[in-house]
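Data first, discussion second: the structure below is written as structure tokens.
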Amino acid sequence: MRILIVEDEAGLRDQLQSRLRSEGYAVDVAASGSEGLYLGQEYDIDLAIIDLGLPGMSGIEIIKQLRASGRDYPIMILTARGRWQDKVEGLEVGADDYMVKPFHIEELLARVRVLIRRSSGITQPVLSFGPIELDTTTQTVRAHGQNVDLTAFEYKVLEYLIFNAGKVVSKSELTEHIYEQDYDRDSNVIEVFIRRLRIKLDPDNSLNVIETLRGRGYRFTLEQTKPQ
Amino acid sequence: MISINGRLLLTASVILVMFFGITGVILDRIYFNYLEQAQRNRLLGYVYDVLNATDFTPYGQIIPPKTLPEVRFSIPGSGLYAQIVQNHGELIWKSESTSVSIPFQYKLRRGQQVFGSLDNDKGQKYYFYSFGISWDESTPFWQSYTFSIAESSDILNADIRRFRRSLWGSLAAVTILLLAVQAVILRWGLSPLRKVTEDLKTIEAGNKLSLDGTYPPEIRRLTDDLNALLHSHNENLKRYRQALGDLAHSLKTPLALLHNTVESNEPEQVLRKTIAHQVQRMSQIIEYQLQRAATAGRSAFAAPIEVKVLVDKIVGGLGKVYKDKGMKLRADIAPNTRFFGDEGDLMEILGNLLDNAYKYGRTQVEIHASNPQSGKTRPGFTIIVADDGPGIAEDQIEQALQRGIRMDENISGHGIGLAIVKDITNSYGGKLTIGRSHLGGAEIKIVFPGS
């Protein structure tokens, strides 16, 4: 999952970036409104975190322009002003949630997870696919009732495939959403992640959880079941 | 920009000058016509005099006058001249005074009279009167004559000059007098405005707090509004100062605690906990005091705000934020419900109350808003927000309202929303009560009095 942060305060920006990265997100950052708008329009973003009080182009203006140009990924606004007038204005122009500074980063992470899940059309925080269970709140995966130990990157790859369950996800799409803009995109790495996921989720390969479609990409094959 | 005094003075002066100017011209014309008429009558009188002194022979021969009652006919160059001309063109007689040639008219028919003015070859102006005469046309010797009198216009001119001098002189004097009186009246009439300006200067200088003089009814509304504005301005200033003071003071306690913690030998975990706790407290304090400073409060000029529009906006936003909960909202807002106050304040009240309801409610939120006492200039305003959450226990109500205010106590937990709402409500002289809703959860009711 790829997140764009538009924040002019370097300290907060760096903190958010490193924290989100450690959670396995690909994070692009912009320090100004115009840069943020450019990245938000040019890259395949899954969620944007936009500060309202930016120098030059305001956060409200960015959101307006992003929405006007058809970008419909969730947007979380950060504001130092706790007044409802600011919050409501942000939500009105197209933001989906807000955080008032100062905030707990854990709360921000929780809301980011909810927004991303919601934008994938999934309403439950816990998703079950037969023996495999994905908890988007705690970011954990269980197979046959056992916790599967995944790295943050592996989790993000699996989550992306599950959020797009049944659809074919190309390798480049996957790279696009997992890696940041300047990252060296070696598609072999994706293959390695997929192989490791298969082994961890389904050691005896009886379920064929992730299917490879030659030349087209990957597909998460399991059907969603009601959680127990 | 010309001052009001200047404008009034200018218009009144223009009107005054025009009035007296036109009056003067009319009087001048009337008097001149009168003088001309008098001249004509005088000349006709002379014609009769000359006619009287003239005799005729039984054969119709004319015997010119020897002496005339008017002395000026005998003094050469006196300015009064007479002549008799036979209608064939032969000059029969001219007065002794005639020293200049005057192009008199002749060949007038019997009884024909002509009055007018003429210039002789030396450019002198004369008034003349000519009279056509003939005797006994039945005799074969009858003749026709033209009697003419001319008088220099100097007399009439001197008369009109004298008249004009005194006319324009007195008109100018009256005009100046009236202008002066008018300036005085204007000064007096506008003096209340000048007084307001003076009083404002005093206020600017900091020597007064309000316009405390008595003013005429036309501007009393203005001065009253100005006073209300000044009052709210002063209140705001007071509140800012107070908020700033409160902020600084209330931050001292957590700072002191942090200070002591840093110097203590507590284990790391305890340190972390204390720091986290105090930082949380400090951010609550800051949020609360900021909100307090931003509250506009009751004002005499607040335009009415359409409540439904704001509720829709906020509900639209909250619907997004709490999308997962799928809350059912019942908004019962009487048509045309309005709030007389600051839009930001109402937004704050509605935002905080509805946010709490969405946050703590399970499935339902209700909002009622209406304007009771609608007969008053500013009707009252009532809002009720209810949810079906756990509600607020009786013994926690006080605490919920005190968050952010009572800094000497360690208060844990999120949200200072209710305390902020209570504060704003107070600034409008309203009353906030917390109870249990018919849905089972909390019910917050706010009543603003009308005025």
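Throughout, read-outs are computed from the coordinates displayed, never taken from laboratory work. Source: prediction; values computed, not measured. Heads up, the Cβs are rebuilt from the backbone with ideal geometry, glycines too, and the neighbour counts pull from every protein chain shown.
Values for this structure:
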quantity	calculated
Helical segments meeting 30 Å axial Cα length and Kyte-Doolittle -1.0 threshold in chain B (DSSP H)	B:4-53, B:154-189, B:217-263, B:268-294
Relative contact order for chain A, counting Cα pairs under 8 Å that sit 6 or more residues apart, in percent	17 percent
Convex hull volume of region B:60-111 per residue (C-alpha atoms, cubic angstrom)	103 Å³
Acute angle (nearest 10 degrees) that the helix A:84-93 long axis makes with the longest principal axis of chain A, alpha-carbon atoms	60 degrees
Angle in degrees between helix A:187-201 and the longest Cα principal axis of chain A, rounded to the nearest 10	60 degrees
Counted charge near B:R165, where neighbours are those whose Cβ lies closer than 13 Å (Asp, Glu -1; Lys, Arg +1)	+1
Rounded to whole Å, sorted largest first: equivalent-ellipsoid semi-axes of region A:26-109, Cα gyration tensor	19, 14, 12
Under-5 Å amide H pairs with A:I49, H placed in peptide plane, nonlocal only	A:L4, A:I5, A:V6, A:M76
Helix-only [θ]222 nm of chain B, DSSP H runs n ≥ 4, -39500 (n - 2.57) each, per residue, nearest 500	-18000 deg cm²/dmol
Length-normalised contact order of region B:193-333 in % [C-alpha pairs under 8 Å, at least 6 apart]	22 percent
Proxy reagent accessibility, fewest Cβ within 10 Å first, across B:Y81, B:Y240, A:Y73, A:Y218	B:Y240, A:Y73, A:Y218, B:Y81
Residue-averaged [θ]222 nm for chain A, counting only DSSP H segments that reach four residues, each worth -39500 (n - 2.57)	-12500 deg cm²/dmol
For region B:63-99 versus region A:129-181, the gap between their alpha-carbon centres in whole angstrom	142 Å
Cβ-Cβ FRET estimate between B:T433 and B:I4, R0 fixed at 51 Å, reported to 0.05	0.45
Cα Rg over Rh - region B:102-192, Kirkwood	1.48
Cα-based Rg of chain B normalised by 2.2 N^0.38 Å, two decimals	2.31
Net charge of Cβ neighbours under 14 Å - reference B:V311; Lys, Arg +1; Asp, Glu -1	-4
Solvent-free Debye scattering, log10 I(q)/I(0), computed from the Cα coordinates of chain A at q = 0.10, 0.13, 0.14 Å⁻¹	-0.47, -0.77, -0.88
D_trans [Stokes-Einstein, Kirkwood Rh over alpha-carbon pairs] for region B:144-205, 25 °C, 0.890 mPa s, µm² s⁻¹	145 µm²/s
Principal axis dimensions, largest first and in whole angstrom, of the protein assembly as shown by Cα	175, 65, 51
Projected label distance in nm at B:K273 and A:A152, using a 7 Å step from Cα toward the beta-carbon	2.8 nm
Cα-based Rg and Dmax for region B:51-160, where Dmax is the largest Cα-Cα distance (Å)	14.5, 49
D (Stokes-Einstein, µm²/s), Kirkwood Cα radius, region A:123-202, 1.567 mPa s at 4 °C	98 µm²/s
Segments B:436-444, B:180-188 sorted - mean Cβ within 10 Å per residue, highest first	B:436-444, B:180-188
When region A:83-152 is reduced to its Cα atoms, the Kirkwood hydrodynamic radius in Å	14.2 Å
Links that overshoot a 30 Å alpha carbon limit, given the list A:K101/B:K252; A:K101/A:K156; A:K101/B:K208	A:K101/B:K208
Among A:G40, A:G130, A:G56, residue whose mean-square fluctuation peaks in a GNM of chain A (springs only between Cα atoms under 10 Å)	A:G56
D_trans [Stokes-Einstein, Kirkwood Rh over alpha-carbon pairs] for region B:279-396, 4 °C, 1.567 mPa s, µm² s⁻¹	82 µm²/s
Of A:G121, A:G82, A:G215, the one that fluctuates the most in a GNM where chain A has Cα springs shorter than 10 Å	A:G215
Span per principal axis, largest first, for the Cα atoms of region B:173-253 (Å)	82, 22, 13
Relative contact order computed over chain B (Cα-Cα under 8 Å; 6+ residues apart), in percent	10 percent
Value of Rg/Rh across region B:209-313 [Cα atoms, Kirkwood radius]	1.27
Debye intensity ratio I(q)/I(0), log10, region B:36-77, q values 0.23, 0.26, 0.34 Å⁻¹ (C-alpha model)	-0.83, -0.93, -1.10
